[in-house]
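A.B. asks: There's a structure below that I have some questions on.
The values are calculated or read from the model by the stated rules, or taken from the named source; none is laboratory data. In this text, all values refer to a predicted model and were calculated from it rather than measured experimentally. Note: ideal-geometry Cβ built from the backbone for every residue, glycine included; neighbour counts use all protein chains shown.
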Amino acid sequence: MKTDSQLLGAIEAGGNKFICAVGTGPHDVRDRVCIPTTTPKETLVKVIDFFQSRHRKAPLVAMGIGSFGPLDLQRDSPTYGYITSTPKPGWDDTDVLGPIRDAINVPIAFDTDVNASALGEHRSGVGVGLHSLVYVTVGTGIGGGAILDGHPIHGATHPEMGHIRIPHDRASDSFAGNCPYHGDCFEGLASGPAIEARWGRRAESLPEHHPAWALEAEYLAVAMANIAVTLSPQRIILGGGVMKQRQLFPMIRRRLVEALNGYAVTQDSINEFIVPPAREDDSGIAGAFALAQDILDSKQEAT
């Protein structure tokens, strides 16, 4: 286990910004910077400069990175640590982990941004004490991370909850969807850009009682019903920019209870089942610190 003097590095790598932090953990952040996500080269150079300057002053012992994706998380793959076929312009087939690992010679854990957010809430948020949870972010895109027995779930790749298919009644919602891969998947119907494309205004500019929110709550509730019966988490955490519209939570809860009809979730448990993140916008960076701590612990246990 690390001592109070051992410093960790943490990165939440998002499509709009990279948040970089140094500290002993999320409750003791010694330095932090927000770097706009521009080109891979420009962004990663700034990220590396930040950590190299801190590493020279006080050495880091491990780092954790939670990144937007899709990602290659197969450790035996030649492109492990890469962002793969992302819709983010200019970031296809970008090696995120390699340049940082070469510049900062410490153990580095690498995972998705939503897995990091899920882990952050599990270790120091609304998931403390639970053995399972799901974190879903609803913003520029939609993604989900799942925790089971304290660790993020992986499979052949990582979960892609934003691309599940949900019912789309074109008679009541003629919007075709804007996912570049699947059109009207969950992300294509309910992400922030989907809301803007459908209604012609950014989500945050729509009034509380705009019809957009009833439709959004319907799509979110149906998606959460699928997640609830598939993964059976003890709690689902809904974060991201769209979920700052707090009027969505009671609407989603009410519709989810109806959709499940007493199965898995009831009226008595729904308020504790669908919740906002305790760490708000810092779930991801908290999770990146947790990833760093876990890889440090695993290295120490191996020796």
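A.B. asks: Could you list, in sequence order, all residues of region 148-168 that are part of a loop (DSSP other than H, G, I, E, B) and over 17 Å from Thr84 (Cβ atoms)?
C.D. replies: Asp149, Gly150, Ile153, Ile164, Arg165, Ile166, Pro167, His168, listed by residue number.
A.B. asks: I've got another one for you. Does Lys88 qualify as being closer than 19 Å to Asp113 by Cα, of a type in the set (Lys, Arg) and outside the structural domain of Gly139 (by TED's automatic domain parsing)?
C.D. replies: Criteria met by Lys88.
A.B. asks: Got at least one residue in region 62-74 being hydrophobic (A, V, I, L, M, F, W, C) and more than 22 Å from Ala156 (Cβ to Cβ)?
C.D. replies: yes
A.B. asks: Does Tyr263 meet the test of being modelled with pLDDT under 95, surrounded by fewer than 16 Cβ atoms within 10 Å (Cβ to Cβ) and either more than 22 Å from the chain's Cα centre (by Cα) or among the small types (Gly, Ala, Ser) (or both)?
C.D. replies: For Tyr263, the condition - modelled with pLDDT under 95, surrounded by fewer than 16 Cβ atoms within 10 Å (Cβ to Cβ) and either more than 22 Å from the chain's Cα centre (by Cα) or among the small types (Gly, Ala, Ser) (or both) - is met.
A.B. asks: Are there any pairs, at least 6 apart or on different chains, whose C-beta atoms fall under 7 Å, with the first in region 25-36 and touching a residue at least 12 places away in the same chain (Cβ under 8 Å) and the second in a strand (DSSP E or B) and aromatic (Phe, Trp, Tyr), and if so, which?
C.D. replies: Hits for this filter: Ile35/Phe18.
A.B. asks: Another one. Could you pull out the residue among Thr94, Thr38, Thr86 that is surrounded by fewer than 17 Cβ atoms within 10 Å (Cβ to Cβ) and among the polar types (S, T, N, Q)?
C.D. replies: Testing whether each residue is surrounded by fewer than 17 Cβ atoms within 10 Å (Cβ to Cβ) and among the polar types (S, T, N, Q) leaves just Thr38.
A.B. asks: Output the residue which, of all residues in region 196-212 that are farther than 18 Å from Ser174 by Cβ and part of a helix (DSSP H, G or I), is farthest from the chain's Cα centre (by Cα).
C.D. replies: Here the answer is Ser205.
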